[in-house]
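Here's the structure we're looking at; comments come further down.
The values are calculated or read from the model by the stated rules, or taken from the named source; none is laboratory data. Everything numeric here is computed off the predicted structure, so don't read it as measured data. Cβ atoms come from the backbone with ideal geometry, glycine included; neighbour counts cover every protein chain shown. Keep in mind that these areas ignore ligands, DNA and RNA; they rest on the heavy atoms of the full protein, side chains included. Shrake-Rupley method; radii C 1.70, N 1.55, O 1.52, S 1.80 Å.
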Amino acid sequence: MPKVLACYKWVLDEQDIKVNSEDYTLDIGRAKGKISDYDKNAVEEAVQIVEKLGGSVEALTFGTATVKQSFKDLLSRGPEKVYFISDALAEKADAFVTANVLAAGIKKLGAYDLIICGEGSADSYNQQIAPRLGALLDIPAVTFVEKLTVEGNKVRAVRKLGDSTEVVTIEGPAVISVLPEINKPRIPSLKQVLAAGKKPSEELKLADLGLAADEIIPRVVTLSVKGYVSNRKNVIYKEASAADNVAQLMASLAKEGLC
Amino acid sequence: MRYGLTEEQDLIKQSAREFAEEYIKPKAAEIDHNATHPAEIFTKLAEYDYLGLYFPEEYGGSNAGFLSFALIVEELAKYSGSVASILINHSAKAAYALNQWGTEEQKETYLPALIKGEKLGAFALNEVGAACGIGPNKVVATKQNDDSYVLSERKAYVANGGAADVYIILATTLSEGGKENLSAFIVEANTPGLTVGKITKTMGLRGCRFAEIVLEQVIVPADNRLGYEGLGAKIISETLDVASIAQGAQVVGIAQAALEETLRYSKERVQFGKPINTFPAIQNMLAEMAANIHLLRLGVYHAAQLVEKGDPFNLEAAIVKLNAARTGQSALIDAIQVQGGYGYSEEMVVSRLFRDINGCILKDSSHEFPEQKIAAEILV
């Protein structure tokens with residue numbers, strides 16, 4: 001019976017983020033946290049595998065102190081236990097640091113048959129965690145997965161690649177990153193929400209993970225994060241002839257380098 | 001905005017929002033149009049444990065508190081006032097009365113089935129000429145012997161009527177001194193002599209059926225009386241207070257939906273080359289809607305907390321009812337005003353919200369009534 005680990009990220013809900021129309025800076029003062037969308041698919045897939053085959057499903061996350069706010073939501077979705085690595089370092093962490101920390105955490109926790117992640121996070125969407133985890137743990141990583149079948153230690157994954165799909169068969173343990181098409185995350189019932197409060201959480205201290213100093217120095221430094229605002233030019237072509245209007249439109253688009 | 005809810009309450013509200021988006025939103029217009037009881041959604045409410053939310057675990061409930069119930073009503077009402085009404089009449093009236101005044105045997109018989117959604121409950125109070133149970137009830141329960149009563153006449157405008165399996169029926173009884181008083185009885189829908197009369201076609205809340213319940217020599221065992229003879233007035237008063245708070249949450253949900261719809265519309269609708277949300281007159285209306293809804297929500301959450309703690313809540317329930325009427329009506333009038341001719345169209349969601357909110361406000365009593373209750377409390 002598989003032992004499955006779902007990795008997830010606690011991110012700011014983009015619906016609560018306001019973009020300042022003057023300088024495009026972000027106002028996150030009223031933004032609440034949420035489990036990153038595709039990570040909900042990862043958790044759901046892990047739970048469905050265990051519901052079908054037996055075994056156990058746990059979750060792991062790395063974040064700042066706010067990550068603790070995610071536990072009840074996460075646990076109401078099915079995992080039996082959540083492990084967390086909470087450190088201010090997470091604020092500036094890039095995919096390199098995050099993967100190093102998660103991999104060190106997984107090594108400390110022991111062997112898993114499957115480690116499932118979302119394809120990318122709702123904030124930075126770097127799509128790097130699964131491949132990096134595969135490399136760091138020295139196990140196969142399969143990305144862009146839209147269908148997953150597990151039989152014994154054999155894993156069959158359907159990968160969605162642009163205009164084609166690829167079927168991959170591997171032997172576990174493996175890291176899988178999933179697309180939202182793979183499933184529909186469940187809506188926790190009231191009793192599942194209430195039961196989540198009774199499930200355990202355990203902290204893994206960053207200092208105990210045996211990471212070298214340079215493994216937790218971000219390779220990517222974020223200078224600023226700005227919003228994108230689509231400002232319309234409100235150009236109206238008023239020629240009597242439609243053909244003239246179309247010609248003017250085409251000329252404008254060509255000038256902008258759009259056609 | 002944040003309302004000082006616990007993490008658990010926030011999560012319950014979030015799950016209810018997801019539930020409503022998944023199961024109610026796609027059906028809301030159809031429920032309104034067809035004016036039929038949405039049995040499949042009622043079953044889903046049971047599946048997600050919403051029917052037994054604040055009832056004791058020993059009967060299958062979740063004991064999650066009345067505030068959590070109000071949060072769920074609010075979220076469901078955003079997409080369908082009808083579904084919220086069905087839930088309120090089932091859980092905050094029929095099941096509430098059973099849990100509050102039922103004997104152990106009555107609770108064991110009915111509560112688990114109501115919580116699992118195997119039975120739908122209704123609170124049969126109104127009569128033609130005796131709205132809110134005030135005034136003489138024409139439905140009389142005549143004591144036959146020590147073992148049973150005979151109920152006759154008819155109840156009107158019973159929410160969940162016709163669809164319900166269990167009715168709490170208020171009726172006039174005679175006390176030993178010959179004085180008339182009110183008592184409540186648990187009557188199953190299949191009891192001989194109980195039939196469903198006219199279904200009232202309503203302007204809003206059309207998925208929650210309002211029916212006449214006809215009682216022709218209905219024999220009800222004395223064991224089905226809820227509480228002692230003469231307890232009816234208290235049962236009515238307290239149950240309607242609890243329901244007022246839930247209906248306040250329903251109004252918050254509907255008004256919030258109207259606000260969100262109006263914010264979206266005012267951002268997209270361009271007039272004189274600019275979105276109309278840039279005009280001060282529109283901004284004023286949007287701001288007033290948001291401010292009033294916020295205050296009503298605070299009042300609802302506070303009153304719901306009082307119910308949860310077992311503190312007196314009759315004054316606060318009346319304040320909620322009064323404010324719900326004011327806020328609900330003004331919010332929907334402004335929502336339609338901002339949307340102009342489109343808002344008046346059946347195509348737009350706000351027209352349904354307008355019809356639904358008026359149903360919430362008129363239910364059980366007119367909004368003039370809570371003013372009298374508030375005055376009576378503060379003039380002591």
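Annotations for the structure displayed:
- Lys/Arg +1, Asp/Glu -1 at C-beta; chain B dipole; positive extreme among B:GLY343, B:TYR157, B:LEU332: B:GLY343
- When peptides A:223-233, B:325-335, A:50-60, B:241-251 are ranked by their average number of other Cβ atoms within 10 Å per residue, the highest-first order is B:241-251, B:325-335, A:50-60, A:223-233.
- From most to least packed by mean Cβ count within 10 Å, the peptides A:126-137, B:280-291 give A:126-137, B:280-291.
- Look at the dipole of the protein assembly as shown built from charges on Cβ: of B:GLY129, A:TYR24, A:PRO2, the Cα furthest out on the positive end belongs to A:TYR24.
- Relative contact order of segment B:123-229, pairs being alpha-carbon contacts under 8 Å that are 6 or more residues apart, as %: 31
- When chain A is treated as a GNM with alpha-carbon contacts under 10 Å, the residue of A:GLU91, A:GLU171, A:GLU45 showing the greatest mean-square fluctuation is A:GLU91.
- GNM flexibility winner over chain B from B:GLU188, B:GLU104, B:GLU127 (Cα, springs under 10 Å): B:GLU104
- Between B:LEU353, B:LEU11, B:LEU306, the residue with the greatest mean-square fluctuation in the GNM of chain B (Cα pairs under 10 Å linked by springs) is B:LEU11.
- Considering only beta bridges that DSSP places wholly inside the protein assembly as shown, some 65 percent are antiparallel.
- Percent of beta bridges antiparallel (DSSP, segment A:1-109, rounded to nearest 5): 30
- Sum of -39500 (n - 2.57) over DSSP H runs of 4+, divided by residues of the protein assembly as shown (222 nm, nearest 500): -13000 deg cm²/dmol
- Accessible carbon and sulfur surface of segment B:123-229 relative to its total accessible area, %, 1.4 Å: 51
- Shielded residues, segment B:1-40 - accessible-area loss of 40 Å² or more between chain alone and all protein chains, probe 1.4 Å: B:ARG2, B:GLU7, B:GLU8, B:LEU11, B:SER15, B:GLU18, B:GLU22
- Solvent-accessible area lost in complex, 30 Å² minimum, residues of segment A:52-82 relative to chain alone, 1.4 Å: A:LYS72, A:ASP73
- Using alpha-carbon coordinates, inclination of helix B:104-116 to the longest axis of chain B, degrees: 30
- The stretch between A:SER224 and A:ALA195, if pulled fully straight at 0.36 nm per residue, gains 6.4 nm over its current Cα-Cα span.
- Average partner coverage of A:181-193, which counts Cβ from other chains inside 10 Å: 6
- When B and A come together, around 1800 square angstrom of accessible surface is lost from both chains combined, probe 1.4 Å.
- Rounded FRET efficiency, nearest 0.05, which uses the C-beta distance separating A:ASP37 from B:VAL128 and R0 of 56 Å: 0.55
- For segment A:1-107, the solvent-accessible area works out to 42 Å² per residue, with a probe of 1.4 Å and every protein chain left in place.
- Shape of segment A:1-128, Cα gyration tensor, a/c cut at 1.5: prolate
- Bridge type composition, chain A - antiparallel percent by DSSP, nearest 5: 45
- Accessible surface of segment B:233-378, 1.4 Å probe, proportion on carbon and sulfur as whole %: 57
- Net charge dipole size for segment B:202-254 [Lys, Arg +1 and Asp, Glu -1 on Cβ; Debye, nearest 20]: 240
- For chain B, the solvent-accessible area works out to 42 Å² per residue, with a probe of 1.4 Å and every protein chain left in place.
- Net dipole in debye of chain B [+1 Lys, Arg Cβ; -1 Asp, Glu Cβ; about Cα centre; nearest 20]: 1220
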